Amino acid sequence: MKEAIRIYILEKAKQLFIKQGYRQSTMSEIAEASGVSKPTLYRYFAGKEDLIRSVAEELEAFLGREVFSILERKAPFKEKFQAFIERTFALIMENRELYRLAALEYWSGGKIFHEKEAFIEEFSQAKKVRYDKVRAFVREGQKEGVLREELSDTLMTFMIMAVFTEFFHLVVLLTPASGFRPEEVGRQVYSALEEGLFRR
């Protein structure tokens, strides 16, 4: 029951943050939107920083569960690689407003992202886990003779991770009216990486 209430409050907070901005939203408004009293709200979340941190943690967990788990499937390498690329792009677009919310707070110097050591350490570790999974996947491709052996696994890993980083920035900056289609971009990026990394 308590977890259900916590999830409900977090969902209402996300809706409010997207609608009017994280910094413009107040705990009173979040309590009202959630249908709970402020004392009840504070029993679940210590403040707005706790809420935005929970949003970021949820996105990180979702990314790991929905995307990086693809790399561990028992399937042909090329099939996994394409699914990994396309699902990443689609997932970011499906949650674009939340990623944009977290990114803008980060870029604007939000304390939760720059001054909370435990939070910084937690997400640095998550980034390392993602890097290690991609590198292990690259090595798998080299071992199977799918990826080019003359390129180092470190270089190829950085190339793949850099593509995701730049795409993320693009998603955050573009407006929905731009006509940006993640599925098409995902296919194009896969083709470009295939051309550069796969053995001919």
Inset, instruction - Compute the long axis of helix 77-94 from its Cα atoms, compare it with the longest principal axis of the Cα atoms of the chain, and write down the angle in degrees, 0 to 90, nearest 10. - result: 30 degrees
Legend entry - Separation in nanometres of the label points that stand 7 Å from Cα toward Cβ, at Lys2 and Lys78: 5.2 nm
Inset, instruction - Treating the angle as unsigned and between 0 and 90°, give the value, to the nearest 10°, between the Cα long axis of helix 182-197 and the longest Cα principal axis of the chain. - result: 40 degrees
Inset, instruction - Using Cα pairs closer than 8 Å and at least 6 residues apart in sequence, work out the relative contact order for the chain, in percent. - result: 23 percent
Legend entry - Principal-axis tilt of helix 48-66 within the chain, Cα atoms, nearest 10 degrees: 30 degrees
Legend entry - Net length gained if the chain between Gln20 and Glu66 were fully extended (0.36 nm per residue, minus Cα distance): 13.7 nm
Legend entry - Total charge dipole magnitude, the chain, about the Cα centre, Cβ charges on Lys, Arg, Asp, Glu only, Debye to nearest 20: 220 debye
Legend entry - Label corresponding to Kirkwood radius over Cα pairs in Å when calculated from the structure given, among (i) 18.7; (ii) 18.1; (iii) 17.5: (i)
Legend entry - Additional length obtainable on full extension of the chain from Ser152 to Ala33, 0.36 nm per residue less Cα span: 37.6 nm
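Taking 0.36 nm per intervening residue step and subtracting the Cα-Cα distance, what contour gain separates Ala90 from Val129 on full extension? Could the numbers behind the result be given before it?
Numbers: separation 39, 0.36 × 39 = 14.04 nm, distance 2.11 nm.
Answer, rounded to one decimal: 11.9 nm.
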Legend entry - Computed over region 1-45: relative contact order in percent, which uses C-alpha pairs under 8 Å that are six or more apart: 37 percent
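A short reminder: the numbers here are calculations on the coordinates, not readings from a lab. Predicted, not measured: the structure shown is a model, and the values here were computed from it. Neighbour counts run over all protein chains shown; Cβ positions are idealised from the backbone, glycine included.
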